[in-house]
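The values are calculated or read from the model by the stated rules, or taken from the named source; none is laboratory data. For clarity, every value in this text was computed on a predicted model and none was experimentally measured. Backbone-built Cβ (ideal geometry, glycine too); neighbour counts: all protein chains shown. Just so you know, the surface numbers come from the protein's heavy atoms only, side chains and all, with ligands and any DNA or RNA stripped out. Shrake-Rupley method; radii C 1.70, N 1.55, O 1.52, S 1.80 Å.
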Amino acid sequence: MAKAASQIEMPVGVIVRKTPGVTRWAKWNWRAIAALPGAGPADWQELRREGEAIEYHAATLPLTLWADETEAYMVNLSDGQPSIYLILRNEIDGDRPMDAVLITASPFEGQDYADTGEEIVEKIPMSEGLIAWVRDFALQHHHDEVFVKRRRDKKRTDLVEDGKGDARIRQDSDVYRAPRRVVQ
């Protein structure tokens with residue numbers, strides 16, 4: 001019996017929409033709106049313009065599924081709207097407005113990037129085909145982990161007196177006493 005691959009990969013294009021910001025602090029609002037499974041290479045290619053709103057095929061990134069991450073994929077699939085997560089970073093020196101760093105189907109990995117506060121994490125709804133692809137991989141590799149309750153050690157904790165200081169250092173009096181005032 002041949003062992004199944006521990007990872008698979010598919011190129012996925014991401015469509016990002018740029019609209020004018022609604023506050024003076026944010027000149028533009030960037031939102032990922034769609035994913036294109038199997039898309040060809042792109043680098044912020046303009047697709048459509050409606051007034052000041054512009055849609056770009058921002059990038060085509062590999063969506064990699066790992067056999068070790070199946071629990072995260074199962075959580076994602078059980079959500080009302082399974083999604084992929086696009087991680088964007090502000091491009092400081094380049095000609096591109098943003099840098100599309102990564103896409104993932106793991107909500108846990110998406111949350112890790114969101115926690116740093118340095119990246120923008122956008123949630124993009126998966127198409128039916130992408131849902132089926134992720135589901136098939138997750139079902140093939142997922143193994144429920146059996147919960148094993150740990151038992152406490154049988155150490156005797158009543159033999160140790162915390163707060164008495166180091167037993168190797170000789171004490172002349174009670175360590176709980178209030179400090180004495182030194183009279184000169």
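Have a look at 151, 89, 96 and point out the one that is outside any helix (DSSP H, G or I) and over 21 Å from residue 15 (Cβ atoms). Break it down stepwise before answering.
On the way: 89 fails: over 21 Å from residue 15 (Cβ atoms); 96 fails: over 21 Å from residue 15 (Cβ atoms).
Step by step, each of 151, 89, 96 is checked, and only 151 is outside any helix (DSSP H, G or I) and over 21 Å from residue 15 (Cβ atoms).
With respect to the conditions (1) open to solvent by 90 Å² or more (accessible area, probe 1.4 Å); (2) within 25 Å of residue 68 (Cβ to Cβ); (3) touching a Phe, Trp or Tyr at 6+ places or on another chain (Cβ under 9 Å), residue 7 lacks only one, and its number is (1).
Quick grid of which residues meet (1) in a loop (DSSP other than H, G, I, E, B); (2) closer than 26 Å to residue 145 by Cα:
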residue	(1), (2)
29	no, no
33	no, no
47	no, no
55	no, no
58	no, no
64	no, yes
68	no, yes
76	no, yes
81	yes, yes
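Residues that are among the polar types (S, T, N, Q) and out of contact with any strand residue (DSSP E or B) (no Cβ under 9 Å at 6 or more places or on another chain) were ranked within segment 57-94; the one that is most open to solvent (accessible area, probe 1.4 Å) is 78.
Is it fair to say residue 54 is open to solvent by less than 70 Å² (accessible area, probe 1.4 Å) and over 20 Å from residue 130 (Cβ atoms)? It would help to see each step written out before you state the result.
On the way: open to solvent by less than 70 Å² (accessible area, probe 1.4 Å): yes; over 20 Å from residue 130 (Cβ atoms): yes.
Here the answer is yes, as residue 54 does meet what is asked.
Test of understanding: among 115, 162, 144, 158, which residue is modelled with pLDDT under 80 and outside any loop (DSSP other than H, G, I, E, B)?
Going through 115, 162, 144, 158 in turn, the sole match is 158.
Tallying residues that are assigned to a loop (DSSP other than H, G, I, E, B) and in contact with a Lys or Arg (Cβ under 7 Å, 6 or more places away or on another chain) within segment 1-27 yields 1.
Considering only segment 100-107, I want to know if a residue exists there that is assigned to a loop (DSSP other than H, G, I, E, B) and of a type in the set (Gly, Ala, Ser). Before you say what the answer is, go through the steps one by one.
The initial filter retains those residues of segment 100-107 that are assigned to a loop (DSSP other than H, G, I, E, B), namely 105-106.
Filter again for of a type in the set (Gly, Ala, Ser), leaving 105-106.
Yes - at least one qualifying residue is present in segment 100-107.
Looking only at residues in segment 10-32 that are under 30 Å from residue 138 (Cα atoms) and not aliphatic (A, V, I, L, M), which one is most open to solvent (accessible area, probe 1.4 Å)? Only one residue fits best here, namely 31.
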